[in-house]
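Working notes, beginning with the structure itself.
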Amino acid sequence: MKITSKQYAISLFESVKGKKDKEASAAVKKFFDVLVANNQTGQMNKIIDQFLKMWNTENGIVESEFFSAQGLDKETVKLLTGYIAKHTGAKQVIVSQKVDKDILGGVVIKYEDQILDGSLKTRLKNLKEQMVK
Amino acid sequence: MSITKDFIVEQLKQQIADFKADVKKQTVGVVTQIGDGIARISGLSDCMMSEMLEFKTLKGSVFGVVLNLEEDSVGAIILGDFTEIKEGTEAFATRKILEVPVGESFIGRVINPLGEALDGKGKIEASKSYPIEKIAPGVITRQKVRQPVQTGIKAIDAMIPIGRGQRELIIGDRQIGKTAIAIDTIINQKGQEMKCIYVAIGQKESKIAGIVAKLEEAGAMEYTTVVLAGASDPSSLLYIAPYSGTALAEYFLDKGEDVLIVYDDLSKHAVAYREVSLLLRRPPGREAYPGDVFYLHSRLLERSCKLSKEYGGGSITALPIIETQAGDVSAYIPTNVISITDGQIYLEPDLFYKGNRPAVNAGLSVSRVGSAAQIKAMKKVAGKMRLEAAQYRELAAFAQFGSDLDAETRAKLERGKRITEIFNQDQYVPLAVANQVIIFYALLNGYMDDVAVEKISEFEQGLYKYAATSGKEIINAINKTGEFDAAVEENMKSLINDYKKTL
């Protein structure tokens, strides 16, 4: 039977769970040997993706992206981080900030598969649509 | 002048002030795979089955429908142009089950399955939307079928009567007059308080243009909507076309009106669904159709119904069409649809090439509703008609072997020949029910036995003309009450006798 990348990720996750660094690296080495033996190293990227996802959900980590036109000050970031933490129940929110001149102003937040579009560009577009009606 | 200018500026200001810019949380997914009108999307963790998705592309929004919910991806069909959607395109959940606009304004129009105009007569404004999938009306809300749908085709109205709320399958090979029966029926609904919907699935657009022109010419577009998913449309549109036509029919049903809907044809619909299913990697079954192809058609045809008075009393009559390959009615899709519908009209190539048009095979065609869907006058003449036609078929096969026949058999054969001749009918000339009763009465009571078979159609046309001038009261009586009492019968006898004297 074919072993899916998700099944690999689960086994890797369970073999390193709750272990110290040294034991964990031994487990990872063993896992890699299994992959090589099964000729499945090509699936490595997918397995890493799945593993990260699993690790994040298990430890209550949410990754998020903030898009803004000029960059955000610390206070706004803190506020938005708090909002995400409240809505997802996450213990830790990892933020990556990106500057995107195209959105003109405001902020767009992405986390998990949710998106909050508070950009000026979208608002102007909505206004245009409403006025055309 | 300045007043109007100020007024306009003021209005604009007002509109901008009224504009509320609220930020909504949206669920989004990313297209991971796209091709053949099917997209696979990761994300969208909380989307629903058959929910509409909005794909934001560079050239505007394209909509799709969720058909597969899998462990870590979502499979969706795309309604419309999928060439702009690329890997990485964002798909937004709309929180709405797929619905189409409905309303009175669709009458007389040609639309695509999404309710957009295709006839170049401008945008159609609609106030309401109906979901394209709906659970069929339950037992409590229904009533027995008892009012007729007059098809205007003699062979059908006499032998295979169709009632309002019935589902009657039209089945036969290609190029044999299946669509012609449906179109004639639509044309004959003029003044019968019927709304008609013609759903073309995978048909050539040239053919549909011809049909629309013919309907317009006959004045039938005043109560007809054509839903068109042409041969060049993606199979996702072909798949939703009959459901979207039924959604429009349900709008009129809810208003208590009678609707006739033609699905032309369900074989192509099944093929489109097979394509979609296989691309979504659902396992193939018999003839490579997916396992739920029966449910595909049963859930569609169950939505045809006759509602009881308390629920509005409306009805949806369905005329699904199935195209067989070389007369094979035992293929997968034909047997399925035969078992779902309340009867079938079977058209046969042999009869067609012999010159019997419509080429209805009276032996294999049935209507499970039967004479409950005929007016009383028709009931009286048609019962005998069916019997004599059946006897003739039996005798004709038998009489081929010998020429020595007794007088009674010969009379029956002669009568039978006239019946077959009477059932021949040109396209686009449906016949009013009163005229049908008169001609059947004349035939069954021996008034036509002395007319040569070749002269029958001439005799027939003359009789209608004569009845239109001298037999008005008979026609009115039949149209008004549908009764056929002794007085009407006497009148009819004298009418036919008088007519024969003029010959």
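The values are calculated or read from the model by the stated rules, or taken from the named source; none is laboratory data. None of these values were measured; they are calculated from a predicted model. Please note: Cβ atoms are built from the backbone with ideal geometry, for glycine as well, and neighbour counts cover all protein chains shown. Keep in mind that these areas ignore ligands, DNA and RNA; they rest on the heavy atoms of the full protein, side chains included. Shrake-Rupley method; radii C 1.70, N 1.55, O 1.52, S 1.80 Å.
Relative to the longest principal Cα axis of chain B, at what angle does helix B:433-444 sit, 0 to 90 degrees, rounded to 10?
Relative to chain B, helix B:433-444 is tipped by roughly 30 degrees.
Would you tell me the mean number of C-beta atoms belonging to other protein chains that fall within 10 Å of each C-beta in B:22-31, as a whole number?
4
Chains B and A: buried accessible surface, both sides, probe 1.4 Å, rounded to 100 Å²?
1500
As a quick test, which of the pairs B:Lys204/B:Lys268; B:Lys134/B:Lys255; A:Lys30/A:Lys53; B:Lys20/B:Lys96; B:Lys128/B:Lys207 have an alpha carbon distance above 19 angstrom in this structure?
Over 19 Å apart, Cα to Cα: A:Lys30/A:Lys53; B:Lys20/B:Lys96; B:Lys128/B:Lys207.
Choose one answer from A:Lys22, A:Lys121, A:Lys30: the residue with the largest mean-square fluctuation in a GNM of chain A with alpha-carbon springs under 10 Å.
Result for chain A, Cα springs under 10 Å: A:Lys22 fluctuates most.
Under a Cβ-Cβ cut-off of 13 Å, what is the net charge of the residues other than B:Arg164 that fall near it, where Lys and Arg count +1 and Asp and Glu count -1?
Surrounding charge for B:Arg164 is +1.
Would you mind checking the tilt of helix B:2-18 against the longest principal axis of the Cα atoms of chain B, expressed as 0 to 90 degrees and rounded to 10?
Compared with the principal axis, the helix lies near 80 degrees.
Going by average Cβ neighbours within 10 Å, how do the peptides B:230-239, B:340-349, B:322-331 rank, with the highest at the top?
B:340-349, B:230-239, B:322-331
Counting DSSP beta bridges in chain B, what percent are antiparallel, to the nearest 5?
60
Taking every pair of distinct Cα atoms and averaging 1/r, then inverting, what Kirkwood hydrodynamic radius in Å comes out for segment A:7-61? Numbers along the way, then the final one.
Working: mean 1/r = 0.0866 Å⁻¹.
By the Kirkwood definition, the hydrodynamic radius is 11.5 Å.
When the convex hull of the Cα atoms of chain B is projected onto a plane and the area is averaged over all directions, what value comes out in nm²?
31.8
To the nearest 10 degrees, how steep is helix B:178-187 against the longest Cα principal axis of chain B, on a 0 to 90 scale?
90
Give, rounded to the nearest 20 debye, the magnitude of the charge dipole that segment A:1-71 has about its Cα centre when Lys and Arg contribute +1 at Cβ and Asp and Glu contribute -1 at Cβ.
300
Under 23 Å between alpha carbons: how many lysine pairs meet that in segment A:60-132, if sequence neighbours fewer than 8 apart on the same chain are excluded?
Count of close lysine pairs: 22.
Taking just the alpha carbons, could you work out the radius of gyration and Dmax for segment A:60-132, both in angstroms?
Rg, Dmax (Cα atoms, Å): 13.4, 45.
Applying a 10 Å radius around every beta-carbon, put B:386-395, B:250-259 in order of their mean neighbour count, most first.
Those peptides, ordered most packed to least, come out B:250-259, B:386-395.
For segment B:348-356, just list the computed ³J(HN,Hα) in residue order, Karplus coefficients 6.51, -1.76 and 1.60, θ = phi - 60°, integers in Hz, with x standing in for Gly and Pro.
Those phi angles translate into 10, x, 4, 5, 4, 6, 6, x, 7 Hz.
On alpha-carbon atoms, Rg over Rh for chain A using Kirkwood Rh?
Rg/Rh for chain A comes to 1.15.
Under the definition of Cα pairs under 8 Å and six or more residues apart, what whole-number percent is the relative contact order of segment B:255-357?
36
Over segment A:5-58, calculate the relative contact order: mean separation of alpha carbon pairs under 8 Å at least 6 apart, over the residue count, as a percent.
57
Antiparallel as a % of all DSSP beta bridges within the protein assembly as shown, to the nearest 5?
60
Answer with one residue from A:Val95, A:Phe13, A:Thr57: the one whose Cα lies farthest towards the positive end of the charge dipole of segment A:1-112, charges on Cβ with Lys, Arg +1 and Asp, Glu -1.
A:Phe13
Considering amide H positions built from the backbone, and no H for Pro or chain starts, which residues 5 or more places from B:Arg146, or on another chain, come under 5 Å of its amide H?
B:Arg164
Using only atoms on other chains, find how many Cβ atoms lie within 10 Å of each Cβ of peptide A:123-133 and report the average.
2
Per residue of chain B, what 222 nm ellipticity follows from adding -39500 (n - 2.57) for every DSSP H run with n ≥ 4, rounded to the nearest 500?
-12500 deg cm²/dmol
Normalised by the residues of chain B, what does the relative contact order come to in percent, with Cα pairs under 8 Å and at least six apart?
Values: 921 pairs, mean separation 75.6, N = 503.
Contact order relative to length: 15 percent.
Assigning unit charges at the beta carbon (Lys, Arg +1; Asp, Glu -1) and nothing else, what dipole magnitude in debye, to the nearest 20, does segment A:34-133 show about its Cα centre?
So the dipole magnitude of segment A:34-133 works out to roughly 320 debye.
At a 1.4 Å probe radius, which order do B:Lys379, B:Lys144 fall into by accessible area, largest first?
Details: B:Lys379 85, B:Lys144 160 Å².
Solvent-accessible surface, decreasing: B:Lys144, B:Lys379.
Order of B:277-287, B:470-480, B:101-111 by packing, highest average Cβ count within 10 Å first?
Details: B:277-287: 14.5, B:470-480: 16.5, B:101-111: 18.6.
The peptides rank, most packed first, as B:101-111, B:470-480, B:277-287.
Hey, what's segment A:5-58 come to in accessible area per residue, 1.4 Å probe, Å²?
72
With +1 on each Lys and Arg Cβ and -1 on each Asp and Glu Cβ, and nothing else charged, work out how big the dipole of chain B is about its Cα centre, in Debye to the nearest 20. Each step should come with its number before you reach the end.
Details: 60 positive and 66 negative charges, 141 e Å.
The dipole of chain B has a size of about 680 debye.
Pick from A:Val34, A:Val93, A:Val107: which residue has the top mean-square fluctuation in a GNM of chain A where Cα pairs under 10 Å get a spring?
Among A:Val34, A:Val93, A:Val107, the largest GNM mean-square fluctuation belongs to A:Val34.
The protein assembly as shown: D in µm²/s via Stokes-Einstein (Kirkwood Rh, Cα pairs, 25 °C, 0.890 mPa s)?
Rounded, D is 83 µm²/s.
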